[in-house]
1. Amide H neighbours of B:Ser48 under 5 Å, at least 5 residues apart or on other chains, H built in the peptide plane: list them.
2. Hey, got the dipole for the range B:467-619? About the Cα centre, +1 on K and R Cβ, -1 on D and E Cβ, debye to the nearest 20?
3. Distance check, please: which entries in A:Lys205/A:Lys375; B:Lys99/B:Lys175; B:Lys498/B:Lys547; B:Lys3/B:Lys587 exceed 25 angstrom between their Cα atoms?
4. Taking θ as phi - 60°, what are the ³J(HN,Hα) couplings along the range A:115-124 by the Karplus curve (6.51, -1.76, 1.60), each to the nearest whole Hz, with x for Gly and Pro?
5. When the helix-only estimate is applied to chain A (DSSP H runs of n ≥ 4, each -39,500 (n - 2.57), divided by the residue count), what is the mean residue ellipticity at 222 nm, nearest 500 deg cm²/dmol?
6. Given C-alpha coordinates of the range A:209-355, what is the ratio Rg to Rh with the Kirkwood estimate of Rh?
7. Let a ≥ b ≥ c be the square roots of the eigenvalues of the Cα gyration tensor of chain A; is it rounded (a/c under 1.5), or, if not, prolate (a/b larger than b/c) or oblate?
8. Simple spin-label model, 7 Å along Cα-to-Cβ: B:Glu525 to B:Met333 in nm?
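The values are calculated or read from the model by the stated rules, or taken from the named source; none is laboratory data. Owing to the predicted nature of the structure, the values given are computational and were not obtained by experimental measurement. In this analysis, Cβ positions are derived from the backbone assuming ideal geometry, glycine residues included, and neighbour counts consider all displayed protein chains. Ligands, DNA and RNA are stripped out before the accessible areas are found, and what is left, the full protein with its side chains, is counted by its heavy atoms. Shrake-Rupley method; radii C 1.70, N 1.55, O 1.52, S 1.80 Å.
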Amino acid sequence: MSIVALSTPAGRSAVAVVRMSGENSIEIAKKVFSPFPKSPNLLKVGNLDTGDFVERAMCVYFEAPKSFTGENMVEFHCHGGMAIVTSVIQVLLDNGARMAQNGEFSKRAFINGKMNLSETEGVIEMIDAETTAAVKAGENLLANNLGKKSVALQDKLLDLIAKTEVALDYPEEDLEEQTLLETQKETQEILDEIEKLLSTVKAGKIAKYGIDVAIAGETNVGKSSLLNALLGYDRAIVSSTAGTTRDTLDAHLTYKDTKFNFVDTAGIRQTDNEIERLGIDRAKKTMKEADLVLFVVNGKPLAQQEKTLYVLNKCDEIDYSNVNREDCVVTSAKDNKGIEELKEKIYKMFCADEIYSSGQMLTNARHVDCLNRAKEKLQIVVDNLFCTTVDCSALNIRDAWSALGEITGTTATEEIIDRIYSKFCLGK
Amino acid sequence: MKKEFDVIVVGAGHAGCEAALASARLGHNTIIFATNLDTVAFCACNPSIGGTAKGQIVREIDALGGEMAINADKSILQMRMLNRGKGPAVYSPRAQVDKFVYHSTMKATLETTPNLVLRQAEVVSLEKTETGFVVNTSVDVKYCAKAVVLACGVYLNSRTIVGKCIEESGPNGFKSAKKLTDSLVALGMEPLRFKTGTPARVLASSVDFSKMEKQDGESSTCHFSYMNKGIPAQKRSCYLTYTTLETKQIVLSNLDKAPMYSGEIVGVGPRYCPSLETKIERFSDKERHQLFLEPEGECTQEFYVQGASTSLPADIQEEMYKSIAGLENVQIMRDAYAIEYDCFDATSLKNTLESKKIDGLFLAGQINGTSGYEEAAAQGLVAGINAVKFIENKQPLILTRQDSYIGVLIDDITTKQSTEPYRMMTSRAEHRLVLRQDNADLRLTQIGRDIGLVSDERYNLYLEKVEQIEKAKQCLNEVLSPKTVAEMFTSVGETLPKSGISVKDCLKRTNVNVKVLQQHLGLFEGFSDDVLEQIEINAKYEGYIAKQQALILDAEKMENKKLPNDLDYETVSGLRLEARQKLNYFKPSSLGQAGRISGVSPADVQILMVWLAQHRNNG
């Protein structure tokens, strides 16, 4: 049965695209649109008769299997008003289509072998992407780079499985028997590759969700002014009264291809005020969870600390010329001095390496989970833990193999597939 | 003149014997045909029973009440446990047997079993009638029965090939069955052509055994059958030798005369059991190939040259064998030959081994494209039991991948089209840590008892073992004080635990086994070795076994989702074209089986799952 859905966002827009997929979708389209395009992949202007009114629209169709879903598909590009779209969809339903369920177009593409699991996930990632870095990562998934890698790793594991198994099934052949040491060595090599992939998780998280930056420091050093300067507009209330910021305050900025998630926090000091004290607790928690802490000071920076950048603020009043440390940036939030330098410094700290710019990183929690499970099993083989007999190593290598297979869906259980498709929005 | 029986078994090889015995023992009038009574349970190839995965099958046949293990135990020349040190999942018992004793013992069993008629005759046709089947023999005597088990082995239209000399013959010069295939094709069955081969038999007194390595059995491996306690006596040795560079030269310079290469043989041979010429050609960088000389029997000089099957011309064979270390002056007694035969695609069978098209017709053994005595016997047993179930209109016996190697075997051959003779391997069994040779009785005796093939004696042995295991388990959770453990651990070289640990945790240590606990703590007194073996394996491999058992439960859920036999997969929307075709061809019995058909993807399975759910709601 053909399915139909609005593919562009609901609401007013210049153009809205209504998509239909299924064996009889072209027949249905021919009933309502004329003149119908003479050949596939050709966008043609014409009249779409909704029954109530005639919509001047464009139509293009794709023939199976050369379409996104691998089935016959039709797209109508019509005017983007809700009443128009509703009528268009209604007339298609009246002619035998049904409404698509969540993610059904992509599901059909997967079922028809047009995409593997990680590719379909790439589609979601690209659609959900808020920054170009995230788009790149999604694009990589769609290009099946991760899929290819995991297939290659699976292939290596399969070799290893074969080598172990042959010794078990043919104990009396004079095969050059794989020694436990060799198995461990080869397993270690695969393990290294998996760990290399897993090391991109942090970069992947940043591409997808951005860098979490906490702005912290004592009271009245200019934290909220710094936030406003970074954002380029007045987001936080600024006053000379110490302890103005009580609760944490979130604000986002897109710098180049990456999102910065700033959190302004309450100034840290000894206080009897119950509300302020709670604010300070929150500030401490935020600092702990952040990818980076901008610790604002007026005067001397403290000793170097992990994931901390000292912002030496109020340079219009204080002389910082003798400070020359990598983890310090001199600013004047009031005069907008050093602000661009600070953004660039943050960007470089997280986004400068090759992996990040190539987009080849793990952005999907399910993939990370698959790789981690494979890693765990292979680690058992390498450490030769629990059981020392070959039948058990073989078992662990097999488990690792099937965990990797889940990335592309070659061994995916129906639960995994279900979860993935439930994440899709209508009509993609 | 027509003779009436309940069950007709065609063929008295390893499959046929099990089928006929099962049917007769379950009280049904049974006749078993052999083209020649000297072929009954004949070991046409190697004189051994068991081996990796096959040894497990023999134990399973035994637990179900089959004959193979008991028969083999009476003919053992030596016995060993393969894969010791590689873990209990792959321990595999294997015996060299006296093939003449094996044959005569089985024949005597057939002769003395009530309800069973053993008859020499070639079956030439099979017809389906309203009430069952009629078979005709070459002397034009007809027999009819309600159910038929075809266990024709490699005898259908077989030809043996030695160089250019081709004979329309079965194995070992026994005559082939030339007419039955046509009759089966007329019933709508599709024949395949497979090939296998066997090496020469040589005279022991012409062999220089001093150039070979002697291989004896082990003095610690017990019999195949759970009914036979004790260790079989070693009667004969095997010998290990190698091909030489000369062998390689002889083979390579005569490859054009090998029928496999000259195009004389069209049948598909097994990859895992290549002829010597194939081995030498394919692995040309290997300087020598290993061969075993295995005794054919206690009262004969004949030895079987394992690993050197060939279909080269007889004179070149002789030259080749003489180039092998120790065989310089060998006297060949029987030539090696390749054999081609008709078999049938087992995907046309249900997982009961009954034909999907022809009710009451069962196929078992090499006719299903398998190889191996054990694989054949296992199928024969299941086919025999299910022929009876068919007649009695009762639920058939369906063994699964979760309960046995036999289940794996039958599921594999009925689900995946074979392109070569199918041999069982431990790596085919995904739950092999649970499907072990040591616990086949615990897995299957109850099933055999319910069927009616397990005697009181066997059943009581089983119940006793179960009870003893439960008793022995009781002390596993007992926590030992650090002081008690220290003395024992020090003596076996284990690192000392920080606090007291349980008996079970002690057993998990590499250097601690049941014997150590017996010696040091006086635990497990009065329990038999096979009971303690269960305790030890279950403790040592607890984590892995628990995991496999969880997987087994998952798999069973899929197996329990039954798909209707009459479902037209064309009507299930969303299935890919290939999946529809495959599913309509196979008509899988469950979602689990559907998922194992090649060409059916996980996504297709999911669609079927949704279909099932909707169907259930509608119904």
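1. Sorted by chain and number, the residues that satisfy this are B:Val97.
2. Once rounded to the nearest 20, the dipole reads 500 debye.
3. Result: B:Lys498/B:Lys547; B:Lys3/B:Lys587 exceed 25 Å.
4. After applying 6.51 cos²θ - 1.76 cosθ + 1.60, I find 9, 8, 4, 5, 5, 5, 5, x, 4, 4 Hz.
5. Only helices count here, giving -14500 deg cm²/dmol.
6. My calculation of the ratio gives 0.94.
7. oblate
8. The answer from the label model is 5.3 nm.
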